[in-house]
Each structure stands twice: as structure tokens, then as C-alpha cells.
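As C-alpha cells, the structure follows; a few thoughts come after it.
The values are calculated or read from the model by the stated rules, or taken from the named source; none is laboratory data. Computed from a predicted structure; not experimentally measured. Heads up, the Cβs are rebuilt from the backbone with ideal geometry, glycines too, and the neighbour counts pull from every protein chain shown.
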Amino acid sequence: MKISPANRVSKIKPYFFASLEKTLSELRKDGVKVIRLDIGSPDLPPQDFIVDALVEAVHRPDVHGYGPSGGSPALRAAIASYYLDRFDLKLDVDKEVLGLIGSKEGIFNLSQVLINPGDLVLLPDPCYPVYSVGALIAQAETYDMPLLAENSFLPDFDAIPDAVAGRAKLMWLNYPNNPTGAIAPYEFFERAVAFARKHEIVIAHDAPYVDICFDHYKAPSILQVPGAKEVAVEFNSLSKTYNMAGWRVGMALGNPEIIRLLRMYKSQQDSSLFIPLMVAAESALLGDQSWIETRNQVYQDRRDVVVSTLLDLGFTMEIPKASIYVWAKLPEPWTDSVAFCDTLLREAGVSITPGVVYGPSGAGYVRISLVTPLEQLSEAMARMRIWMDKEK
Ligand SMILES: Cc1ncc(COP(=O)(O)O)c(C=O)c1O
């Protein structure tokens, strides 16, 4: 029997990192010791008190069944308390806060609850691929908002034709940004909210890097803008802030109607987070936060090594003030980031991500992740330098 996929699924390509795995395992078989600077999964562990909370909770006999879909009241209260402390923002625990099985789940599902076939979705280009795949599955039309160096990698709302803005139903934003490492000033969020209110567009702001900041910078939440909750939902996550990517704890916050729809959809589509994970997440959100600054210094030191090497090698870039990525434009004569990354991987054993994976405006750029210990990162930079000198 021939199995044929649904039309909407047949349009999806495998996730870039799934296909990269294949090349990496071939190279490993050939004995190449690849240093991976491609994926954005934190290498550092969560704090001991968070792990201890998980272990203690998992020993309880009453935590192994299904929990409440959309997060326990205690988890949602902990999320609200974190938003109050961090952003001085009050959220209604029942109506404006939702627990997610990682933010990727909610990001994907948002398109399913809001978008009809043919609805228009505004996407940053480049962007985290899940925004566009979620839109694709919902059979949306999409409009790219280029993130360009000359605009500090912020979308230019004035460049969006009125006819497009008038038709758009949903707009994705993401600051601190993956893949560009760019940040958005609070005034940008004010402009975004005004634009969305004028054209009646829902804003989905994805903020998993909001607590990974350098050089004393503190990233804002879009929900701090007065009136934002009327048009915006924010996604956030424990994956990067608390080094808990594999634990799958995320959150959606803001507009009560969107939260209600997501909650309802999730009640059909998944079952809850594992209860001990929710208990541990509460301790992460409510416990000591001072270690985050120390951890950010680790990323900052790594950033400095990458930036200084790349500048030396002729790349152009903004020095990132947040996120776990360096986004750099290839030096001449290189223009094709896929060919560059592939050759670098095969000849020098260093894996970085071609910018074009994140959208057409990523052509000519590469993304380097900072989730590798300094010693290995320095080794990768040394390999890259030797390889590029040879290529000249
Ligand atoms: C911009 C962005 N949003 C969301 C996610 C997903 O995070 P989570 O682990 O919460 O699903 C990532 C992960 O890399 C990301 O880069």
C-alpha cells in the first residue's frame, strides 16, 4: 500500500538540524571530531536547587498521573510572580497565563487556533522556522518582513504596504532575536503595538532569550507597553533562561482570549506537563535568580572570543547584547552561506549554521551558537582561522 501524506504535511521539509545530524554521523564515522556551534541548546546544567526540587517531587507517590492541562495553578502563579518581579507586570493567573510543553508547542499551535486558510501572517525574515511552519500547516499566506543590518535587524513597519497590513491577522516578533542576536528597544515595542492596534493584527512576541543579556543590558517584555494585552501574546520559556531545554517547560502570556483559545486547543491536543517538572519549574521561577548573571558572564566571555576572531577574519556584525548567537556576514569573496558552512564542516570539523536556513534575508550570513565551553569554542575559532587563511 502506498502511504501518501496529507497535502499540508507534504509541503514541510525536514528541520535543518535533523538533516545536519546525518552529515555529522557520517563525519564521526570517518573519525572527524566535529565541534558543534550550530544548535541553540544550552550546555550548562540547571542549578542544583532546581534539580533537587525535581528529584524530591518525583519521589512523591501522588505526582505520576495526568496533571492539569495548561499548567497547575501553582506553576501559573509562579510564572506570574516571575513576570511581576522581572518586568513589574501584573498578570491574571487564570486568564492571562498558560503553561506549555516547551514554547515551541504553543508557537506552533497559535497558528492552528487563529489562522484560516488564506489568512495573512507577517513573518520576520530571517526567523525561528517554527513561525513559518505553523503558518504553513494552517494554510496561511505569509509576508516577509526583512530584518536588515541597516535597520538594526528590526522590521520596518512603514515599509509594509497598507493593503498588506490591512489583511494581516498575525505578526511574529522575537527579541532578543534568533538568529540575529539583535535586541529591540522598548520604543520599538510601543511602535509595534500601535501598528497592530491600527491594523487589528495579533502580535505574537517570542521572548525565550529575554534573560540572556550582556553588558548590563536588560531586555523588556512587549507586555510592558500599555494596551499591549489587547493585541499581544508573549511566549517565554525555561529552556534558555534556566538551562532547561530538555525539560520542556514554556509559557504563553497576555491577551486573555488568545490564552483561552490556546488552553482549549491544548486540552484536546495534549495532556499536561509531568507534575514533578512543574514543581521544579516553580522552584526555578521563584528561587534565587542571581546565578543567571554569573551564567550570562560565561556566555559573554564566549561571545567575545567569537566576535574578536570573526572580526579579524573579515566578517561584519553587530556585537550581540543578548541571546546565545553571533550573526555575522561572510567576508568576500564568500557569498553562499550553505557552501561556506558545508566546506567548513567537512574540512575543518566546525559546524555552524547557514543564515539562509532562517529565511532569504539570511543569505550571506552565518549563525554561531555560544553553547560550547570556552576551550572548545577557542579550538573551533582556531580551526576556522587556519582553514580560512588556507582558502584565501
Ligand atoms: C526564538 C525561539 N523561540 C522558541 C524556541 C523554542 O524554545 P522551547 O525550548 O521553549 O520550545 C527557540 C529554541 O531554540 C527559539 O530559538
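Some points to look at:
- Taken over segment 306-337, the residue count meeting the criterion of being among the β-branched types (V, I, T), over 14 Å from A149 (Cα atoms) and exposed (fewer than 14 other Cβ atoms within 10 Å of the Cβ) is 1.
- A232 of a type in the set (G, A, S), outside the structural domain of I386 (by TED's automatic domain parsing) and within 14 Å of the ligand (Cβ to nearest atom): no
- The residue that is farthest from the ligand (Cβ to nearest atom), among those in segment 122-137 that are in contact with a strand residue (DSSP E or B) (Cβ under 8 Å, 6 or more places away or on another chain) and either free of Cβ contacts under 8 Å to residues at least 12 places away in the same chain or small (G, A, S) (or both), is A135.
- Test: residue in segment 200-208 that is within 13 Å of the ligand (Cβ to nearest atom) and either aliphatic (A, V, I, L, M) or more than 24 Å from A80 (Cβ to Cβ) (or both): yes
- Counting only strands (runs of 3 or more DSSP E) that sit completely within segment 231-339, those holding 1 or more residues that are farther than 27 Å from V113 by Cα, more than 19 Å from the chain's Cα centre (by Cα) and in contact (Cβ under 8 Å) with a residue 60 or more places away in the chain correspond to 325-329.
- Residues (within 16 Å of the ligand (Cβ to nearest atom), part of a helix (DSSP H, G or I), in contact (Cβ under 8 Å) with a residue 12 or more places away in the chain and out of contact with any helix residue (DSSP H, G or I) (no Cβ under 7 Å at 6 or more places or on another chain)) located in segment 1-44: F17, L20
- Cβ-Cβ under 9 Å pairs, at least 6 apart or on other chains, segment 86-105 side under 19 Å from N174 (Cβ atoms) and free of Cβ contacts under 8 Å to residues at least 12 places away in the same chain, far side of a type in the set (K, R) and more than 11 Å from the ligand (Cβ to nearest atom): none
- The condition (being outside the structural domain of M264 (by TED's automatic domain parsing), within 23 Å of the chain's Cα centre (by Cα) and surrounded by 11 or more Cβ atoms within 10 Å (Cβ to Cβ)) is satisfied by just one residue among L37, L89, L75, L27: L37.
- Hey, V249 in the same structural domain as A74 (by TED's automatic domain parsing), modelled with pLDDT of 95 or more and within 13 Å of the ligand (Cβ to nearest atom) or not: yes
- Subset of segment 209-221 that is away from the ligand (no atom under 14 Å from the Cβ) and touching a residue at least 24 places away in the same chain (Cβ under 8 Å) - its residue that is farthest from the chain's Cα centre (by Cα): D215
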